């Protein structure tokens, strides 16, 4: 407890939060490196397949069983499209023209889209002045990030719009899952496995059309894809649920503030992506906006 009576995570909790931020925040780096040998559809197919296979033994060891019923699976397929297949492919497409740091920062706008969608569909009517200001501040950060008044650059490319579309898709998926999946009494781990399995089926259907391009089995691309799929997708789900269980959802939510910072730092260290004034100002405004939208 701190002096105000709020519960704070202990050392183990802080380490878990940092580890999850590193796993998810580094995903943009691994996608960028994977693109050296594979196209976006190939990357997402392998990512979802290996992610599901990583979680399956863990669920089996706990005696958990796959969800049953066609209605549940119909919702899982919709969730997989909105939360996995579509945004993952969009980010892969985006990173063919934008830096991993830019993709990471724009991904942090997901809570802003969630606020907007919640208001539109009536799921969230409490739009306080602070939250409205946060919404505007966050998207101002996106504008600053792309600096369209200086050059068309990445914003004029489809990559910039693909990043924004991916963030919006995540937001839609959260709203959809809250309405149709999280209230069914199904263990979260099994929802994750079902969702990844459904996403794998969707991507398998897309492979004959978009995934048959020649691959380059470069060691850096192959290793990056394995890291993205196994620890970055499979194990990260387990860690996220552990944080929610032990530390609470508020502690788990703090991870999203760290993701763009991890993406920017790793992009600079590994890929030599420039940390420009626009990037620094953009990430600051986006995170400040997200923080305001989470105020009651």
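Numbers at a glance
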| read-out | value |
| --- | --- |
| Residue check for residue 216: more than 17 Å from residue 79 (Cβ to Cβ) and surrounded by 15 or more Cβ atoms within 10 Å (Cβ to Cβ) | no |
| Residue within region 74-84 that is surrounded by fewer than 22 Cβ atoms within 10 Å (Cβ to Cβ), farther than 26 Å from residue 106 by Cα and either modelled with pLDDT of 95 or more or in contact with a helix residue (DSSP H, G or I) (Cβ under 6 Å, 6 or more places away or on another chain) (or both) present | yes |
| Some residue of region 107-117 being in a loop (DSSP other than H, G, I, E, B) and modelled with pLDDT of 85 or more | yes |
| Subset of region 203-218 (residues that are farther than 17 Å from residue 36 by Cα and without any contact (Cβ under 8 Å) to a residue 12 or more places away in the chain) | 205, 208, 209 |
| Residue count for region 169-212, restricted to those that are more than 21 Å from the chain's Cα centre (by Cα), surrounded by 19 or more Cβ atoms within 10 Å (Cβ to Cβ) and modelled with pLDDT of 90 or more | 0 |
| Any hit, region 242-255, residues being at pLDDT below 95, under 30 Å from residue 57 (Cα atoms) and over 21 Å from the mean Cα position of the chain (by Cα) | yes |
| Conditions (1) modelled with pLDDT of 85 or more; (2) under 30 Å from residue 127 (Cβ atoms): number failed by residue 234 | (2) |
| Residue 112 vs. criteria surrounded by fewer than 24 Cβ atoms within 10 Å (Cβ to Cβ) and within 21 Å of the chain's Cα centre (by Cα) | no |
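The values are calculated or read from the model by the stated rules, or taken from the named source; none is laboratory data. Computed from a prediction, not measured in an experiment: that's the story for all the values here. Cβ: placed from backbone, ideal geometry, glycine included. Neighbour counts: every protein chain shown.
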